[in-house]
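Student: Sharing a structure below in structure tokens format, with a few things to ask.
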Amino acid sequence: MKKNLLRLMPMVLLGVWLGSGCVPPLYYKDMIAAAPFQGADAVTVAVQDRREYITSGKTEDSYEGQVRATVGIPYHRNTVTGGPLAAEMARGLAATLTTKGYQVTVIGTGPADAADEISAKLTGSKPSRALYLVINEWMYDGWGSYKLESKLTLKVMDGQGKLLATAEHTLEENLGS
């Protein structure tokens, strides 16, 4: 009996290795974007996660994508901090603006918060500009290489809440390994 178990051990270990999520965690680098502008004004920032699988409660708000084990089994990946993806993106956006000289205030949001309530919070302190980024989709899938799918909407308002600009960006890109 003991000999049979010893013979099976390599197969068991191989099975565990092949079926497990043997992928190291993915870390965001400091998300400071190269931006060709400078400023000193007060800016408020809010990022809201409106992905369907987040608003429905099917998936936690820290979800950023999935990686696949050696045999292709998908495993959810969450932000390294365990915090909401929207908070991570807000931190990166604020860091970028701060390095450019702006005085940035981040407004926290939840997936179920109403857009008009967020807009009111953004403009409550009468900043020079208010940025409202909505995450409609953000998901990567990694198995050897990573594919990122995203759909973002950015609204720029003045201090009184008047909409100055709206931009939508959709991306499907293979990021490589």
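Student: Tell me the GluC sites (Glu not before Pro) within the stretch 54-108 that lie in a loop according to DSSP and have at most 15 other beta-carbon atoms within 10 Å. Can you show the working numbers first?
Tutor: On the way: sites: Glu60, Glu64, Glu88; in loops: Glu60.
The qualifying sites are Glu60.
Student: For the stretch 89-135, what's the radius of gyration and Dmax over Cα atoms, in angstrom?
Tutor: 11.0, 32
Student: By the gyration tensor of its Cα atoms, with a ≥ b ≥ c the square roots of the eigenvalues, what is the shape of the stretch 103-161: rounded for a/c under 1.5, prolate for a/b over b/c, or oblate?
Tutor: On the way: a/c = 3.16, a/b = 2.46, b/c = 1.28.
Because a/c hits 1.5 or more and a/b exceeds b/c, the stretch 103-161 counts as prolate.
Student: Once you have a ≥ b ≥ c as the square roots of the Cα gyration tensor eigenvalues for the stretch 75-116, tell me rounded if a/c is under 1.5, and otherwise prolate or oblate according to whether a/b is larger than b/c. List each step's numbers first, then the result.
Tutor: Working: a/c = 3.50, a/b = 1.32, b/c = 2.65.
Oblate, since a/c reaches 1.5 and b/c is not below a/b.
Student: Of Ala115, Val104, Met89, whose Cα points farthest to the positive end of the dipole of the stretch 73-155 (charges on the beta-carbon: +1 Lys, Arg; -1 Asp, Glu; origin at the Cα centre)?
Tutor: Among Ala115, Val104, Met89, the one farthest towards the positive end of the dipole of the stretch 73-155 is Val104.
Student: Still on this model: Taking 0.36 nm per intervening residue step and subtracting the Cα-Cα distance, what contour gain separates Asp141 from Gln160 on full extension?
Tutor: Values: separation 19, 0.36 × 19 = 6.84 nm, distance 4.03 nm.
Extra length available between Asp141 and Gln160 comes to 2.8 nm.
Student: What number comes out for the charge environment of Leu175, summing +1 per Lys or Arg and -1 per Asp or Glu over other residues with Cβ under 12 Å away?
Tutor: Values: positive: Lys147; negative: Asp141, Glu149, Glu172, Glu173.
Local charge sum for Leu175: -3.
Student: Please work out the average accessible area per residue across the stretch 23-146, using the 1.4 Å probe convention, and give it in Å². Can you show the working numbers first?
Tutor: On the way: 6290 Å² over 124 residues.
In whole numbers, the stretch 23-146 has 51 Å² accessible per residue.
Student: Let me ask you something else. Over the stretch 30-84, with every protein chain in place, what whole percent of the accessible area is carbon and sulfur at 1.4 Å, could you tell me?
Tutor: Numbers: 1490 of 2800 Å².
Percent of accessible area from carbon and sulfur atoms in the stretch 30-84: 53.
Student: Which net charge results for the neighbourhood of Ser150, defined as the other residues with beta-carbon distances under 13 angstrom from its beta-carbon, given Lys and Arg at +1 and Asp and Glu at -1?
Tutor: For residues surrounding Ser150, the net value is -4.
Student: Also: Let me check the size of the stretch 45-144 from its C-alpha atoms; what are the radius of gyration and Dmax in Å?
Tutor: Calculated on Cα positions, Rg and Dmax stand at 15.5, 54 Å.
The values are calculated or read from the model by the stated rules, or taken from the named source; none is laboratory data. Keep in mind that what you see is a predicted model, and the values were worked out from it rather than measured. For neighbour counting, all protein chains shown are included, and Cβ atoms are generated from backbone atoms with ideal geometry for every residue, glycine included. All accessible areas refer to the heavy atoms of the entire protein, side chains included, with ligands and DNA or RNA removed. Shrake-Rupley method; radii C 1.70, N 1.55, O 1.52, S 1.80 Å.
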